[in-house]
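Peer 1: Can you keep this structure in mind? I'll have questions shortly.
FYI, it's all coordinate maths here, none of it is from the lab. None of the values given here were measured: they were computed from a predicted structure. Virtual Cβ from ideal backbone geometry, glycine too; neighbours counted across all protein chains shown.
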Amino acid sequence: MLVRLIPQGGVRQLVRTSDPPDEKAVSPVNMKLVGGAALGLAAMLVLSSCGSGGSGGSGGDDKASGGGQVTLKMVAADYGDGPGKPNSGETFWKGVTDEFTKANPNIKVDVQVINWNDIDKQVATMVQNGQVPDILQTGDYSGFVKDQLLYKVDEVLSPNVSGDMLQKFAEFGKVDGTAYGIPFVSSARALFYNKDLFEKAGIAEPPKTWDELKADAEKLKKAGVTQPFGLPLGQEEAQGESFLWMLGNGGGYKDASGKWTINSPQNVETFTYMKGLVDAGLTTPNPGTKDRKTVWEDFGAGKVGMVNGGPMSIPIFDAAGLKNYGVAPIPGKTGPLDTTLGVMDWIMAFNKNGHAAEIKKFFDFFYTGDAAQKISDTYKLLPVTNGGIKKLEGDEKLKPFLDALPNASFYPFQDPKWAEVNPAIKQTIGGAVKDDPAKVLGELQKTAESAG
Amino acid sequence: MRRLRALEPLAWVGPAVVLIALVVLWPVIEMIRSSFLKISRFGVVQGSNGFANYEKLFGEKDFADIMVRSVIWVIAVVALTVLISLALAQLFNQRFPLRKVARWALIAPWAASVLMTAIIFKWMLDPEVGVINQIRLKLGLIDAMGGASADQLGDAATAMPWLVFVAVFVSVPFTTYALLAGLATIPADVYEAAKMDGAGRFRTYWSITLPLLRPALTVAALINVMNVFNSFPIIWAMTHGQPGYSTATSTILMFILKGSNIGESAAMSVVNFGMVIILTAIFLKVSRWNKEVA
Amino acid sequence: MTVNTMRPPATRPRQHVRPVARRGMPRLKTVVVAAAAYVVALIFLFPYVVMLLTSLRAQDSLREVTFWPKEWVWSNLANFWSSGLAGNLWVTLKVAGGSTLLVLLVALPAAYYSARHHFRGRTAFLILVLVTQMFQPTAMLVGIYREFFQFGLVDSTWSLILVNAGFNLAFAVWILNAYFASIPRELEEAAFIDGNGRFGALFRITLPLAMPGVITALIFTFIAAWNEFVVALTLTTTPENQPLTVALNSFIGQYQVDWQNLFAGSVIATIPVIILFALIERKVVGGLTAGSIK
């Protein structure tokens, strides 16, 4: 979910939007014929690439390895910078699986790492071709539940591990009361502020309330900061930024009973307040067209006073050369948020190859050993277990995130309508700080109520 | 033997027909079919959907605006492209030192990918550090970097002209080259004759060059109409159709829909097709009418 | 709908371009023309110069207001090779080369035969070609993906070759047909009578005469396939199978953009095309002339 819900900007978005039309019945004859023709022609042209056959084909011989030896096939998303990079998923998982096989000599784990843009498409293809992996780690699990492809969590995870999971997170792994998805890693948001600019503007502390925020932004503006508050409400991340603001006024996309409340009075009030900031020139200009990446770049370059960010922005700001910044809870209307936007990714086990016992060993190994800790360290992702949070508590910059994590709020991603509402929010919610907030939010509410 | 002869055209033309049928016509049919299906976000066909996809599409709040904008976009870009290319073709057809090198420079936007050209323009228009804004600052057109006045792509009123500019920018090289090719076919004696008749330069251009350029012009403009209507990376990379949908064209809407509703997206594609065919037909009609009058 | 040419290319008066600008004109005019042309050339080069300069900047200096890099980081260009993009460049080369080859193999016979022979279905074929010209892959991604998925050809170089060849075939047939039609049949028949045989005549006489047309068709296909982005983005999934246009997007990360590497890659991707184009620029101008409809 981390990536699917924190969408990428610009051209990247394209890939996500081209979801695979999955045709159930692919005639094998057809495929063979065309495949054969293609192979011949490819050979003729001395084409050396092997296409997708290479990645999908290896799944077939899993069961051939007999004699008590079991090979688990795992597909995982890449949190690193891609193949060949020092933090690539391949490198990370190789370390984990090597250690696991050392401890369990008769279980081997083959990990195929796929980047976030492609993993959904690839997995869909695998499922359709019957080459289902044993373990999948990606952004969503719910799509597989309906087709009864997954093991229940209690079949593949020891009670002591599942008991340590953050309760609010584990709840979201359930469909109709039964848990299928295991939270894998999470992320959260907090307010980043540039201490140098704050000092220059004569501000002692980060703001806690909206009034303070506005006053501070005005001071920053006077001190010559072009973007006192970085506000990305463009298509890349509008749904996240908006949600953080809604939370600050007790609002959200849905209420406790599960009804859509996009145009609730609280939300309208929230956006009216934001519009005031925008009109006064206290934010990024034209927020409805600005992507988070750009605003973060500007924050890293010292052009932005405050911005909402996550643990993943720490290395980015560091690399941009920004040294003196602080992290604080996000200000709300009357006080700092005790919650935050939480996002999480999942790991799940497929039941087709019947390796429940081996999978259980691997999962327990992953969560109880230092692998889960290592993934947090390597990629600045947050843990999903109480034990994991305890281990990170010493980190001052992570503290605001960890404090808010157990009480995190989530997008209504389990509602199938979210898939249609989310793109609409990304495209149009920026208009709520430019035109009439009630009208823009009302349109989105209509979309949410009618979608489906 | 005679039967063999009858099959002869098939051997020569057949492969081309097969390739077109396979790669171009099949997807068209597939797409039209999809526009009547209910397809899940992950691509699973959930049965027929009748005209619901179309109804939903036509019911989108911004649909009418987007269609009007698409047509204006095509007309504006093609018209500007043709006008500028006519002038540039004239200019680059003159003799001057290093003409060849200058012509090579003209190639750059054609050789580079449109997407990258769009991305570099967005980069140059960045409100905080963009080089175009640096120039505007030096010229006194804006007071400071970073403010709303430096944010040209943030508002539809200023973003749209820039999008048109970039679209024209990438279309001009091909069009200019086509027109240069056309100019090269005009025999010198035609001009000599016009000169003898005492025709002025403008008159010569209007009554001799332009009519003789007509075929090249028609081809170039036609290809532009089809390219521009479907041109997608420029708007996608520079504004993503934002703010809201206020800089989106029908192709952009199709792409946004593709993420949430494949059937509706297919319906948008089909409507898009209809538009291209109508525009092309009108264009061909108009250009033929021109010919009859001339 | 007849496809025709304005003038046989063999007799094209290429040497005198426009008599107006010939000797005897005041030198001032040449200066003005040259200056204007250079300015235009600079405008068209400018974005790509910015691209190059940005690609040489250090990552942490990208948000500084400056035109010239403060320190020249040449290693950004070298990063291209170390980041494994060379493999993607190879894919691009295979796709562009493969589809150009395929277009040549399929379009040449079809264009030649339909220019020389009146067979049943000829008009239908030429209309099919013209209509295909209107179809852009961008507008039919849904259909293309679904088709190739059914073939099991998603994520293969071969699918990209097919699509690029299919969508560029129309233009190639169009241009080549006009070219062949413009070559006097008598020339070929004379060679035939001389005992060259039908294919001998075709290869010795007709094809060399049609060379500018062939080259134009090829270069168009090659550039279009080289820069094609949207279809490749949809049809390829594994990084090794992606052509450069798509692979470059790996620099547009989830949380940040490696502008300098992105632009360095684009520069590297564009240079070969510009060189190629510059080499055959004159032939392209010649070749375009023929492709005009009457």
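Peer 1: Taking the C-alpha atoms of the stretch C:83-186, how large are the radius of gyration and the largest Cα-Cα span, Dmax, in Å?
Peer 2: Considering the stretch C:83-186 through its Cα atoms, Rg and Dmax are 16.3, 57 Å.
Peer 1: Further question on the same structure: In this model, which of A:LYS94/A:LYS380; A:LYS293/B:LYS61; A:LYS222/B:LYS122; A:LYS214/A:LYS303 are farther than 25 Å apart at the alpha-carbon?
Peer 2: Over 25 Å apart, Cα to Cα: A:LYS293/B:LYS61; A:LYS222/B:LYS122.
Peer 1: For peptide B:233-240, what's the mean number of Cβ atoms from other chains within 10 Å of each residue's Cβ?
Peer 2: The shielding value for this peptide is 4.
Peer 1: Next question, about the same structure. Need one number: % antiparallel among DSSP beta bridges in the protein assembly as shown, to the nearest 5.
Peer 2: Roughly 65 percent of the beta bridges in the protein assembly as shown run antiparallel, per DSSP.
Peer 1: Suppose R0 equals 25 Å; then what is the FRET efficiency for A:THR101 and A:ASP154 from their Cβ-Cβ distance, rounded to the nearest 0.05?
Peer 2: 0.50
Peer 1: Give me the number: length gained by fully extending A:LYS446 to A:THR334, i.e. 0.36 nm times residue separation minus the C-alpha to C-alpha distance, one decimal in nm.
Peer 2: Separation in residues times 0.36 nm, less the Cα-Cα distance, equals 37.4 nm.
Peer 1: For the protein assembly as shown, what is the Kirkwood hydrodynamic radius in Å, using each pair of distinct C-alpha atoms?
Peer 2: It works out to 30.8 Å.
Peer 1: With a ≥ b ≥ c the root eigenvalues of the C-alpha gyration tensor of the stretch A:148-283, is it rounded (a/c under 1.5), prolate (a/b larger than b/c) or oblate?
Peer 2: prolate
Peer 1: Same structure, new question: Which order results if A:MET344, B:MET145, A:MET306, B:MET238 are arranged by neighbouring Cβ count within 10 Å, fewest first?
Peer 2: B:MET145, B:MET238, A:MET344, A:MET306
Peer 1: Of all the Cα-Cα pairs you can form in the stretch A:224-311, what percent are over 17 Å apart?
Peer 2: 49
Peer 1: Report the charge-dipole magnitude of the stretch B:87-240 in Debye, nearest 20, computed about the Cα centre from +1 at each Lys and Arg Cβ and -1 at each Asp and Glu Cβ.
Peer 2: Rounded to the nearest 20 debye, it is 580 debye.
Peer 1: Next question. Show me A:286-299, C:257-270 ranked by packing, highest mean number of other Cβ atoms within 10 Å first.
Peer 2: So the order, starting with the most tightly packed, is A:286-299, C:257-270.
Peer 1: Using the count of nearby Cβ atoms within 10 Å as a rough guide to exposure, how do A:LYS333, A:LYS390 rank from fewest to most?
Peer 2: Ordered from fewest to most neighbouring Cβ atoms within 10 Å, A:LYS333, A:LYS390 come out as A:LYS390, A:LYS333.
Peer 1: Please give the helix C:259-279 orientation as an angle from the longest Cα principal axis of chain C, in degrees from 0 to 90, rounded to the nearest 10.
Peer 2: Tilt of helix C:259-279: around 20 degrees.
Peer 1: Helix C:211-227 versus the longest principal axis of chain C: what is the Cα-based angle in degrees, 0 to 90, to the nearest 10?
Peer 2: 30
Peer 1: Can you bin the stretch A:405-451 into rounded, prolate or oblate? Criterion: square roots of the alpha carbon gyration tensor eigenvalues sorted a ≥ b ≥ c, rounded for a/c under 1.5, prolate for a/b above b/c, oblate for the rest.
Peer 2: oblate
Peer 1: Run the reach check for A:LYS146 against aspartates and glutamates, Cα to Cα strictly under 12 Å, same-chain hits fewer than 8 apart removed. What comes back?
Peer 2: A:ASP176
Peer 1: What is the sum of charges, Lys and Arg at +1 and Asp and Glu at -1, for the other residues whose Cβ falls under 13 Å from the Cβ of A:PRO437?
Peer 2: Summing Lys and Arg as +1 and Asp and Glu as -1 gives -2.
Peer 1: Peptide C:99-109: average number of partner chain Cβ atoms within 10 Å per residue?
Peer 2: Per residue, the average neighbour count from other chains is 3.
Peer 1: Counting Lys and Arg as +1 and Asp and Glu as -1, each charge on the Cβ, what is the dipole of the stretch A:314-433 about the Cα centre in debye, to the nearest 20?
Peer 2: The calculation lands at about 120 debye.
Peer 1: Quick one: which of A:420-429, C:169-178 comes out on top by average Cβ neighbours within 10 Å, and what's the full order, highest first?
Peer 2: Averaged packing, sorted descending, gives the order C:169-178, A:420-429.
Peer 1: Which whole number gives the average count of other chain Cβ atoms within 10 Å of the Cβ atoms across peptide C:244-254?
Peer 2: Taking the mean over all residues of the peptide, I get 6.
Peer 1: Separate question: For B:LYS195, give me every one of the lysines with a C-alpha distance below 21 angstrom, ignoring sequence neighbours fewer than eight places off in its own chain.
Peer 2: Correct list for B:LYS195: C:LYS29.
Peer 1: Using the count of nearby Cβ atoms within 10 Å as a rough guide to exposure, how do B:ARG136, B:ARG103 rank from fewest to most?
Peer 2: Fewest to most other Cβ atoms nearby, the residues stand as B:ARG136, B:ARG103.
Peer 1: Angle between the Cα long axis of helix C:27-55 and the longest principal axis of chain C, 0 to 90 degrees, nearest 10?
Peer 2: 50
Peer 1: On to the next question. Where the centroid of each part is defined by its Cα atoms, how far is the stretch A:328-353 from the stretch A:86-121 in Å?
Peer 2: 25
Peer 1: Please give, to one decimal in nm, the separation of the simple spin-label points placed at C:ALA35 and B:VAL101, each 7 Å out from Cα toward the Cβ.
Peer 2: According to this spin-label approximation, the distance is 1.8 nm.
Peer 1: Report the full-extension gain for the segment A:GLN69 to A:GLU393: residue separation times 0.36 nm, less the Cα-Cα distance, to one decimal in nm.
Peer 2: That pair, A:GLN69 and A:GLU393, stretches by 112.6 nm at full extension.
Peer 1: Given the options C:MET51, C:TYR179, C:ASN227, identify the residue whose Cα lies farthest towards the positive end of the charge dipole of chain C (+1 on Cβ of Lys, Arg; -1 on Cβ of Asp, Glu).
Peer 2: Positive-end residue among those listed: C:TYR179.
Peer 1: From the Cα gyration tensor of chain B, with a ≥ b ≥ c the square roots of its eigenvalues, which class applies: rounded if a/c is under 1.5, or else prolate if a/b is larger than b/c, or else oblate?
Peer 2: oblate
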